[in-house]
1. Kindly provide the pair-distance distribution of the chain built from C-alpha pairs, with 10 Å bins from 0 and whole-percent values in order of increasing distance.
2. Once both axes come from the Cα atoms, what is the angle between helix 23-35 and the longest principal axis of the chain, in degrees from 0 to 90, rounded to 10?
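What follows draws every value from the coordinates through simple rules; no lab data is involved. These numbers come from a predicted model, not from an experiment.
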Amino acid sequence: MSGRPVKRSLTLHGHRTSVSLEEPFWKAFRNIAKERNMPINVLAAEIDETRGVESGLASAIRVYVLEHAQKKAQLGD
């Protein structure tokens, strides 16, 4: 498994965009979307709406995945 980011396409609010994420982050991101029973594009749009202008979408997704994992660890899931 390479630690290099891979460019992936998403659709946010009807517009195509791409993010470069490492495979473990992409898998975790997809799993969170599945866990929340929502399409990955919807979750990406949700993250996009809440991120500040100072961070890129890929960084915001990484932070979201990390925070999700930390919350699950605190709850003992």
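1. All Cα pairs considered, the percentages come to 18, 53, 25, 3.
2. Taking the Cα atoms of the chain, the angle to 23-35 is about 80 degrees.
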